[in-house]
Structure formats: structure tokens, C-alpha cells
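In what follows, a structure is listed as C-alpha cells, so that the remarks can point back to it.
The values are calculated or read from the model by the stated rules, or taken from the named source; none is laboratory data. Only a predicted model underlies this, so the values are computations on that prediction, with no experimental measurement involved. In this analysis, Cβ positions are derived from the backbone assuming ideal geometry, glycine residues included, and neighbour counts consider all displayed protein chains.
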Amino acid sequence: MTQASDPASTRPLRGAERQPTRPLPPTVFVLFGGSGDLARRMVLPAFFELAQRGMLPEEWRLVGAGRRAVPDEDFRARVYETLTEFGPSPEDGPWEEFSKRLRFAGGGFDKTDPGHLLEVLGEARGELGVDPQYVHYLAVPPSTFAPITEGLVQHGLAAGARVVYEKPYGTTPESFQELDNLVLSLLDEDQVFRIDHFLGKEGTQDLHVLRFVNELFAQIWSHEHVKRVEIDVPEELDVADRAEFYDATGAALDMLVTHLFQVAAEVAMEPPASLTPTDLQAARESVLASFRPLDPERDVVLGQFEGYRDLDGVADDSTTDTFVAARLWVDTDRWRDVPFLLRTGKRMARSAQRVSLWLRTPSGPIAGVPDNGNVVSLSLTGSGSLDICLVTKEPGPDLVLTRAQTTLDLKHVPGGTPLPPYVSLLHDVLTGDRSLFTTSDGLAGAWAAFAPLQERPPPVRPYERGSWGPLEAGVLAGPDGWLLGQTAAERA
Ligand SMILES: NC(=O)c1ccc[n+]([C@@H]2O[C@H](COP(=O)([O-])OP(=O)(O)OC[C@H]3O[C@@H](n4cnc5c(N)ncnc54)[C@H](OP(=O)(O)O)[C@@H]3O)[C@@H](O)[C@H]2O)c1
């Protein structure tokens with residue numbers, strides 16, 4: 001592992017916004033759904049971590065918003081509990097300074113009735129003494145995205161503001177388009193931050209760094225050298241306490257058209273003109289239009305784990321998919337005829353988040369090289385790692401081939417302080433860096449590729465808990481199987 005000692009090597013790669021040279025303006029962060037599950041588990045902990053790391057603007061306020069009235073003191077107590085449960089611990093500071101800047105506005109919010117939000121924002125503005133930068137984070141049910149956006153315009157909170165939309169941003173091509181048309185009739189595209197937290201992962205970001213800074217990776221990144229791409233996100237967990245939500249959604253809608261397609265776009269994109277936010281975003285999002293519409297009969301396997309229907313909140317005759325495997329084709333010259341194998345599911349044998357490029361075997365004097373022997377693989381879990389799996393000579397007197405692996409754990413890169421995805425993405429919103437957010441055109445491409453699966457879903461096949469999904473998914477991967485789980489060479 002090389003040491004990052006050259007100052008050039010530590011220069012921010014994603015434009016000046018990533019490490020702002022100018023201080024961030026006074027900011028009011030309005031967290032719609034401030035009492036909800038996502039706010040508790042992800043957004044509030046990420047916001048506190050930004051405070052701990054000194055990455056918030058010098059002057060800011062956070063206003064939780066919802067329908068129920070919550071006194072400020074109660075909201076602060078809830079945030080304290082949330083941080084105690086999900087971290088980072090408030091005991092590690094700076095809780096006192098942080099908590100003074102938290103407010104709550106109840107009474108709901110839409111076009112006709114702003115509830116208490118305008119009042120509370122007026123107070124916050126008074127305290128700050130200037131017109132702040134507004135960030136509106138919609139951690140609310142998707143059915144409220146449109147009325148809240150309309151309310152922002154109606155009540156004068158939209159001009160110059162940034163608005164963050166959680167997933168699902170539409171659940172069909174039509175509902176996506178309807179929502180997006182409405183949003184873009186009210187806001188400029190550069191105000192809109194559609195979040196996909198897989199793009200904020202350290203490992204995912206290395207996909208667009210490795211290959212553009214290093215000939216070793218740049219040269220192999222095409223059909224000439226890559227035999228297949230795997231994007232594999234098995235989960236051991238079931239649907240926990242979100243069964244009702246999950247039963248109305250399923251694995252394909254929750255994960256495939258969103259996270260797995262976006263990661264596939266990170267792998268498949270052409271080199272951007274530069275790593276500025278605009279160019280990086282344009283490169284990744286434009287390749288989504290080259291995703292061939294899925295062929296559900298040939299290229300998709302859906303599954304449901306045994307016992308799923310017994311969960312509270314799940315219908316007795318539910319046909320919701322808790323597993324999806326898909327073979328995606330990317331119709332660009334670079335990726336012609338290379339299958340992108342995508343897989344995710346609940347209650348599987350183990351949890352992982354892995355992107356793997358299987359390299360072709362060169363023709364040459366050595367026979368019997370295993371097809372899955374040479375693999376470049378990135379783990380997206382936690383702070384991420386890069387694993388290079390190689391066929392080498394087994395040290396010793398004879399020419400015996402063996403597989404070996406070398407791993408670069410990104411958290412051990414000198415000088416590195418890996419950011420959890422929500423921390424990274426929230427920081428990007430505060431600085432106005434849209435590189436890791438999706439665009440209208442990109443999502444339109446994703447929905448076009450996904451649409452045939454919604455129109456003609458294949459049968460949902462049962463699979464055992466703790467397995468690797470239905471047998472048909474193994475067949476989809478071909479005789480070599482999947483890298484994780486179905487080959488003798490399973491790698492961690
Ligand atoms: N939870 C997750 O792991 C997760 C993961 C990815 C994406 N998401 C997305 O994040 C969003 C929030 O999910 P969640 O799990 O946090 O839901 P949740 O626990 O049900 O919380 C929803 C929040 O929205 C508020 N709310 C509900 N109905 C509202 C309405 N009609 N108008 C205004 N506010 C309303 C609720 O507060 P009041 O009742 O006080 O209004 C509550 O704070 C959803 O879009 C979801 O798909 C969630």
C-alpha cells in the first residue's frame with residue numbers, strides 16, 4: 001500500500017465544492033419527517049457527525065417538521081436518545097452547542113397550510129440575522145413530496161433553496177415522470193438533490209477514481225478484458241419492522257431500479273470530461289440510457305424467502321419479491337456482450353455489498369486457469385475495500401496454479417477519514433455538489449430499462465432462508481456461478 005505523501009495526491013478530486021475554500025453561508029436545514037425512522041437512523045446521526053467533524057456551516061439551525069406538535073425541548077431530548085441509540089454518541093460532543101440549534105415545527109405543511117413552520121423559520125432567521133441558505137430534506141412518505149414542494153413555492157421557501165428527495169422518487173415510469181415534471185415546474189434542476197445513498201459510499205466513489213487515475217484499471221475497463229460484472233448485495237436480515245412498507249415494494253423496486261442500477265452506471269460510464277460535479281454526474285447518468293430494457297423471461301429471477309408470509313404486516317398470499325437477480329446488458333461499445341449480473345435479497349446466506357469485474361484469461365502457454373481466478377472486486381460495505389484476486393504460482397518446486405487475494409482496506413489509507421454515505425451526501429448538499437445525486441434524464445433511462453419487469457414480472461420462486469436464493473438465479477449466472485456463495489472460491 002502506498003503512502004499518500006505527495007500533496008498533489010491529497011488534492012480534492014471532485015471540484016472545489018468538496019472542500020470549500022469559502023465558508024459555507026448561514027444555513028437552515030428543514031428536516032420534514034424529523035420524527036420519522038429515516039431521520040432517526042440516518043439523517044440526524046449524519047448531521048451530528050458533520051458537527052463533530054467541523055463540517056457544518058459556522059451558523060446553522062436544524063428545524064424538524066411534522067404534523068404532530070413537538071416542543072423544542074422534547075425534540076432535543078429525542079435527538080439525544082436517537083444519537084445515543086444510533087451514534088455518534090452525544091457524550092462525545094459537541095452536544096451542548098448542537099442542541100441549542102435544534103427546533104421543531106408541527107402542524108403539517110402544504111400549499112394551503114404551512115403549519116408552524118413559517119413562524120419557526122422566522123425566529124431562526126431573526127437569530128441568524130441574515131437570510132439563510134435553505135436546505136429542505138424530505139424524509140417523509142413519497143405521497144407528500146408533491147404537496148410539500150408546492151408548499152415551499154407557495155410560502156416563499158423555494159427560491160435559492162436546495163431540496164432533497166428520498167427514495168422512492170416514483171414507483172413506476174409514469175409516477176416518476178409525473179412527480180419529476182411537477183418538481184421541475186417548480187424548481188430548477190440544480191436545486192434538486194435526488195438521493196441514492198449507494199452513490200455516497202466510499203467504495204462506490206473509488207469506482208470513478210481507480211480507473212481514471214491508474215492505467216492498470218483504465219486499460220482493463222471494457223469488454224476486451226472484462227468477462228462479466230457482478231453487483232451483489234445479499235442481506236442476512238429480513239424486513240425487520242418495515243414489513244408493511246416492504247410488502248408494498250419488494251426487492252426489485254427497492255433495490256434494483258435504484259441502488260444496483262446506479263452502481264452499474266458507475267461501473268459502465270465513459271470517462272467524464274473532468275471530475276467536476278457536473279461532468280461526473282453527466283457521465284454516470286448518461287450511460288443509464290444505454291441500459292437495454294430488461295427481458296424478464298430470459299434475464300430476471302424473482303424469489304421470496306420461505307416464511308415471509310408469516311411476518312406481521314405481510315399479506316398471507318403475498319407475491320412480493322424479497323429477492324431479485326437480473327442479467328443486465330449495457331449497449332455501449334465498451335460493454336457490448338458483457339453481462340452485468342445484479343443480485344440482492346433478504347434472508348440470504350450472508351450480507352455483502354460487492355462489485356466484481358471478472359477478467360478474461362489471456363490466450364497463452366498456461367492452460368487450466370480458472371475463469372473466476374482473476375477478479376477486481378470492491379466491497380461497498382462500511383468504509384469499503386479493494387480486493388484483487390489473482391491466479392499465481394503456488395510457491396514451491398512445481399508449476400501449480402493457485403488463487404490469492406490482496407486487500408486494500410480504504411479505512412487504512414493514510415490520512416483517510418472515511419465518511420458514512422449519509423454524512424458524505426449531506427455534506428455535498430450543504431456545499432451544493434450534485435455529482436453523487438441522480439438526474440431526471442438518468443432516472444428516465446433507469447425506469448425505461450426496468451419497465452418490462454413491472455409489465456411482465458416472472459413467477460416469484462421460493463427459496464430457503466439462509467440460502468443464496470432460488471436455484472434459477474444460479475442458472476442465470478451460467479456455469480461459473482456467482483462469485484459469492486456458489487463457487488468454491490467464495491471470497492469474503
Ligand atoms: N426508513 C428507512 O430505512 C428508509 C430508507 C430509505 C428511504 N426511506 C424513505 O424516507 C421517507 C421516510 O421514511 P420513514 O421510514 O422515516 O417513514 P416514517 O417513519 O413513517 O416517518 C415519516 C415521517 O413523515 C411524517 N409524515 C407522515 N405523513 C406525513 C404527511 N402527510 N405530511 C407531512 N409529514 C408526514 C411523520 O411525522 P408526523 O406523523 O408527525 O407528520 C414522520 O416523521 C420515505 O420516503 C421512505 O421511503 C426510508
field: Condition met for residue 309 (within 30 Å of residue 225 (Cβ to Cβ) and outside any loop (DSSP other than H, G, I, E, B))
entry: no
- prompt: Tally time: how many residues in region 209-258 are touching a residue at least 12 places away in the same chain (Cβ under 8 Å) and touching a His at 6+ places or on another chain (Cβ under 8 Å)?
  reply: 1
- line: Screening 230, 236 for residues that are closer than 21 Å to residue 327 by Cα and charged (D, E, K, R) leaves only 230
Selected residue (criterion: nearest to residue 140 (Cα to Cα)) from residues of region 25-44 that are charged (D, E, K, R) and near the ligand (Cβ under 7 Å from one of its atoms): 37
- prompt: Can you find even one residue in region 218-234 that is of a type outside the set (Phe, Trp, Tyr) and within 12 Å of the ligand (Cβ to nearest atom)?
  reply: no
query: residue 156 versus (1) more than 14 Å from the ligand (Cβ to nearest atom); (2) in a helix (DSSP H, G or I); (3) not hydrophobic (A, V, I, L, M, F, W, C): which is the lone unmet condition?
result: (2)
field: region 104-122, residues that are at negative phi and either near the ligand (Cβ under 10 Å from one of its atoms) or among the aliphatic types (A, V, I, L, M) (or both)
entry: 104, 105, 106, 109, 110, 117, 118, 120, 121
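List the helices (runs of 4 or more DSSP H) that sit entirely inside region 181-267 and contain at least 3 residues that are under 22 Å from residue 330 (Cβ atoms).
Hits in region 181-267: 202-213, 215-220.
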field: Options 268, 282, 326: the member that is touching a Phe, Trp or Tyr at 6+ places or on another chain (Cβ under 7 Å), aliphatic (A, V, I, L, M) and modelled with pLDDT of 95 or more
entry: 268
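Here is a yes/no grid of residues against (1) within 13 Å of the ligand (Cβ to nearest atom); (2) of a type in the set (Ser, Thr, Tyr); (3) buried (at least 21 other Cβ atoms within 10 Å of the Cβ):
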{"position": "64", "(1), (2), (3)": "yes, no, yes"}
{"position": "72", "(1), (2), (3)": "no, no, no"}
{"position": "83", "(1), (2), (3)": "no, no, yes"}
{"position": "126", "(1), (2), (3)": "no, no, no"}
{"position": "129", "(1), (2), (3)": "no, no, no"}
query: List pairs: first in region 119-146 and closer than 12 Å to residue 30 by Cα and of a type in the set (Ser, Thr, Tyr), second assigned to a strand (DSSP E or B) and near the ligand (Cβ under 8 Å from one of its atoms), Cβ under 7 Å, 6+ apart or cross-chain?
result: 137/32
Any hit, region 408-430, residues being charged (D, E, K, R) and within 18 Å of the chain's Cα centre (by Cα): yes
query: Does residue 92 satisfy being touching a residue at least 12 places away in the same chain (Cβ under 8 Å), more than 15 Å from the ligand (Cβ to nearest atom) and more than 22 Å from residue 36 (Cα to Cα)?
result: yes
- prompt: So residue 220 fits all but one of (1) out of contact with any helix residue (DSSP H, G or I) (no Cβ under 7 Å at 6 or more places or on another chain); (2) buried (at least 16 other Cβ atoms within 10 Å of the Cβ); (3) on the phi > 0 side of the Ramachandran plot; what number is the exception?
  reply: (3)
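Given the condition part of a helix (DSSP H, G or I) and at pLDDT 95 or above, answer yes or no: does some residue in region 402-414 qualify?
no
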